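First comes the structure, then the notes that go with it.
The values are calculated or read from the model by the stated rules, or taken from the named source; none is laboratory data. Please read all numbers here as calculations on a predicted model, not as lab measurements. Positions of Cβ are backbone-derived with ideal geometry, glycine not excepted, and every protein chain shown enters the neighbour counts.
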Amino acid sequence: MDWQHLRTVLAIGRGGTLSAAARVLGVNQTTAARHLDTAEQALGTPLFLRLGGRLQPTAAGQIALERAARMEAEALACQHAIQDEQALLAGPVSLTATEGVVDVLLAPHLSQLYARVPGVRVELLGSHERLSLQRREADLALRLARPRPEPEGGQGAETAMVTRKLADIGYAAYRAQGRPASACPGWLTYSTAWASLPEAQWAADQPEDILLRSNSLGSLVAAAVSGLGWLALPCYLGDGVAGLVRDPRPVPVQRELWLVAHQQVIRLPRVRAVADWVGELIHQRRDWLLAGESPDLGSP
């Protein structure tokens with residue numbers, strides 16, 4: 001039984017005439033009559049009798065009207081529930097991560113998230129600054145180290161947080177394409193404010209000089225491409241930079257990628273939806289993040 005035919009039966013029962021039903025349904029009277037005839041043939045019994053210029057339901061017609069009304073109510077309830085859920089999924093969600101994670105891992109795939117959750121509006125905060133989730137400076141964070149709670153009220157404290165390890169990130173040494181290793185006199189690394197980063201510490205321990213320090217990843221990459229010196233980068237990032245090649249020397253640096261959210265904020269459906277998408281996106285690309293192999297480009 002076609003639901004459209006039952007809708008016509010319901011409209012006739014409420015309006016009393018084919019013309020009234022046709023107006024409600026936005027069809028012509030001939031179409032309404034055809035739907036009624038098809039429904040009666042499918043059920044094997046008349047549903048209406050013409051009395052005094054109006055269509056009155058038979059006993060079978062009354063049963064059909066009652067059941068069709070219930071089906072309509074369920075359909076409307078389903079529609080309203082979905083609309084309510086979509087409304088809960090609509091709105092802003094801010095996510096903080098390093099520039100490399102934002103630019104290479106997240107931003108190129110956001111269209112997939114928007115196709116899944118059309119009402120969400122993401123704010124990507126790419127920075128090495130540790131934005132506070134406690135103070136709601138961001139809703140979600142991707143951290144390149146296991147989150148550690150600090151004393152209550154301490155700077156950067158992340159108590160009452162929900163954390164999840166997503167992947168391990170491998171590193172390699174890169175130099176300008178076409179420039180021999182012997183022509184690279186030293187290293188490019190982060191400014192002293194970020195000297196505690198594992199990759200910066202490793203570069204500082206190498207026998208070659210530190211030629212350039214910067215708080216901008218883009219500046220370091222540009223200088224490396226120009227041939228100024230070596231640069232230790234995450235494999236997933238360095239392998240994708242035109243003009244850079246990997247050096248065979250091992251870089252014994254491996255960092256963990258963690259998703260962090262405040263336990264109250266993650267309860268918001270739109271924040272949970274973004275967090276779930278991020279988790280799926282990174283899960284599909286774990287091998288790439290560790291070793292720089294080609295990422296799985298499937299949609300999470």
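Picking from residues in the range 39-61 that are touching a residue at least 40 places away in the same chain (Cβ under 8 Å) and in a helix (DSSP H, G or I), the one that is nearest to GLY15 (Cα to Cα) is GLY61. Of the residues making up the range 272-288, at least one is surrounded by fewer than 18 Cβ atoms within 10 Å (Cβ to Cβ) and under 22 Å from PRO198 (Cα atoms). Do we have any residue at all in the range 237-257 that's in a helix (DSSP H, G or I), under 30 Å from PRO147 (Cβ atoms) and not assigned by TED's automatic domain parsing to the domain that holds ALA275? Taking every residue of the range 237-257 in turn, at least one turns out to be in a helix (DSSP H, G or I), under 30 Å from PRO147 (Cβ atoms) and not assigned by TED's automatic domain parsing to the domain that holds ALA275. For the residues THR31, THR8, the requirement of being in the same structural domain as ARG70 (by TED's automatic domain parsing), in contact (Cβ under 8 Å) with a residue 24 or more places away in the chain and either assigned to a helix (DSSP H, G or I) or small (Gly, Ala, Ser) (or both) singles out THR8.
Going by the conditions given, is SER196 assigned by TED's automatic domain parsing to the domain that holds ALA173, in a loop (DSSP other than H, G, I, E, B) and free of Cβ contacts under 8 Å to residues at least 24 places away in the same chain? Criteria met by SER196. Among the residues of the range 221-236, those that are among the hydrophobic types (A, V, I, L, M, F, W, C) and not in a strand (DSSP E or B) comprise VAL221, ALA222, ALA223, ALA224, VAL225, LEU228, CYS235.
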